[in-house]
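Visitor: The structure's right below; bear with me while I get my questions together.
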Amino acid sequence: GLNAYAGILEALYARERTGRGRHVAVSLFGAIAEWMAVPLIHHDYAGRAPARVGLNHPSIAPYGVYACGDGTAVLISIQNAREWESLVRRVLGRPTLLTDPRYADNDARVANRAALDAEIADCLAPLSGAAFCDRLNEAAIAYGEMNGVDGLSRHPHLRRVTVATEGGEVAVPAPPLGIAVGGTRTVPRLGQQTEGLRREFG
């Protein structure tokens, strides 16, 4: 759906500029194949697909979920040398990692991921999730706090709309496009629109 939406918008822009329409075709296979680009490249060019690594990245380190002392889980993905140095100096407070040959560059960090993750865990043990996130913000390092459904329910950026159902009003997530949504919508009761749909599509 998202790929179709993007394709339709691109086609509309192209028509606006050229006056010509464009065929838009998307498939579920194509969408998932794009998501699999990293393991596919590993397979095709490195000779083997990476093993399952959860939220870690098979060719970037540190990249994954790290637990803080209060149990808060935070995902970080260090993408370049600036971020690595900033993480080590400003967030972890352990500049000796910069001169450790096991972590000299990304390839070395990937090869020594277990040792690196242990170092990071040691640094995070005395920190709360809030303190870790504050340091990441100050160091201009992107991160994501891991939430369960309870965290989603309390999240300050969750927008909701109210819909009426036979069982009463239900608050559901608002459409993600940022369009203002007003009024209460109604969920039809079972069978309410059956005859109209049969006439329309029969």
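The values are calculated or read from the model by the stated rules, or taken from the named source; none is laboratory data. Predicted model only: the values in this text are computed from it and were never measured. Here the Cβ positions follow ideal geometry from the backbone for every residue, glycine too, while neighbour counts run over all protein chains shown. When the accessible area is computed, the model is the full protein with side chains, heavy atoms only, and any ligands, DNA or RNA have been set aside. Shrake-Rupley method; radii C 1.70, N 1.55, O 1.52, S 1.80 Å.
Visitor: Do you know the relative contact order of the stretch 128-202, to the nearest whole percent, from alpha carbon pairs under 8 angstrom that are 6+ apart?
Guide: Result for the stretch 128-202 is 20 percent.
Visitor: A further question on this structure: Give me the percent of accessible area attributable to carbon and sulfur for the stretch 1-148, probe 1.4 angstrom.
Guide: On the stretch 1-148, the fraction of accessible area on carbon and sulfur atoms equals 56 percent.
Visitor: OK, next. Percent relative contact order of the chain, based on C-alpha pairs within less than 8 angstrom and at least six residues apart?
Guide: 14
Visitor: Hey, another quick one. For the chain, modelled as a Gaussian network with Cα springs under 10 Å, which listed residue fluctuates most, Pro173, Pro58, Pro101?
Guide: Maximum fluctuation in the GNM of the chain, among the listed residues, is at Pro173.
Visitor: ³J(HN,Hα) across the stretch 12-20 via Karplus (A = 6.51, B = -1.76, C = 1.60, θ = phi - 60°), whole Hz, x for Gly/Pro?
Guide: Once θ is set to phi - 60°, the couplings for the stretch 12-20 become 5, 4, 4, 5, 4, 8, 10, x, 10 Hz.
Visitor: For the Cα atoms of the chain, what angle does the longest principal axis make with the long axis of helix 113-124, in degrees from 0 to 90, nearest 10?
Guide: Value to nearest ten degrees: 90.
Visitor: If I compute Rg and Dmax of the Cα atoms in Å from the structure I just sent, which labelled value in (1) 24.1, 74; (2) 18.3, 57; (3) 18.1, 66 lines up?
Guide: Label (1) holds the value from this structure.
Visitor: What are the ³J(HN,Hα) couplings of the stretch 37-49, residue after residue, when phi is run through the Karplus curve with 6.51, -1.76, 1.60 and θ = phi - 60°? Round to Hz, x for glycine and proline.
Guide: Result, rounded to whole Hz: 4, 5, x, 5, 5, 4, 5, 6, 10, 10, x, 7, 6.
Visitor: Roll a 1.4 Å probe over the protein chains and send me the accessible area per residue for the stretch 114-202 in Å².
Guide: Each residue of the stretch 114-202 exposes 72 Å² on average to a 1.4 Å probe.
Visitor: Tell me, in nm to one decimal, what length is gained between His157 and Ala49 on full extension, where the rule is 0.36 nm per residue of separation less the Cα-Cα distance?
Guide: That pair, His157 and Ala49, stretches by 35.2 nm at full extension.
Visitor: Compute the length gained on full extension between Ala111 and Leu9: take 0.36 nm times their separation in residues and subtract their Cα-Cα distance, giving the result in nm to one decimal.
Guide: That pair, Ala111 and Leu9, stretches by 32.5 nm at full extension.
Visitor: Is the shape of the stretch 131-202 best called rounded, prolate or oblate, per the rule: a/c under 1.5 gives rounded, else a/b larger than b/c gives prolate, else oblate, with a ≥ b ≥ c the square roots of the Cα gyration tensor eigenvalues?
Guide: Judged from the Cα gyration tensor, the stretch 131-202 comes out prolate (a/c at least 1.5, a/b above b/c).
Visitor: By DSSP, what percent of the beta bridges with both residues in the chain are antiparallel, rounded to the nearest 5?
Guide: 90
Visitor: Taking amide H positions as placed in the peptide plane 1.01 Å from N, state which residues far from Leu127 in sequence (5 or more) or on other chains have amide H under 5 Å from it.
Guide: Those lying under 5 Å, H to H, from Leu127 are Gly69.
Visitor: For the chain, set up a Gaussian network in which alpha carbons nearer than 10 Å are linked by springs, and say which option among Leu98, Leu190, Leu55 fluctuates the most.
Guide: Of Leu98, Leu190, Leu55, the Gaussian network model singles out Leu190 as fluctuating most.
Visitor: In whole Hz, with x marking every Gly and Pro, tabulate ³J(HN,Hα) for the stretch 154-168 from phi via Karplus 6.51 cos²θ - 1.76 cosθ + 1.60, θ = phi - 60°.
Guide: So the Karplus estimates, Gly and Pro as x, are 9, 5, x, 9, 6, 9, 10, 10, 9, 10, 8, 10, 4, x, x Hz.
Visitor: Which value at 222 nm does the chain reach when only helices count, each DSSP H run of 4 or more adding -39,500 (n - 2.57), with the total divided by all residues and rounded to the nearest 500 deg cm²/dmol?
Guide: Taking each H run of at least 4 residues, the total per residue is -11500 deg cm²/dmol.
Visitor: A further question follows. Modelling each spin label as a point 7 Å along the Cα-to-Cβ direction, I'd like the Thr18/Asp150 distance in nm, to one decimal.
Guide: Result for the modelled spin labels: 5.4 nm.
Visitor: Over the stretch 78-176, what is the mean sequence separation of C-alpha contacts under 8 Å (at least six apart), divided by residue count, expressed as relative contact order in percent?
Guide: Dividing the mean separation by the residue count of the stretch 78-176 yields 20 percent.
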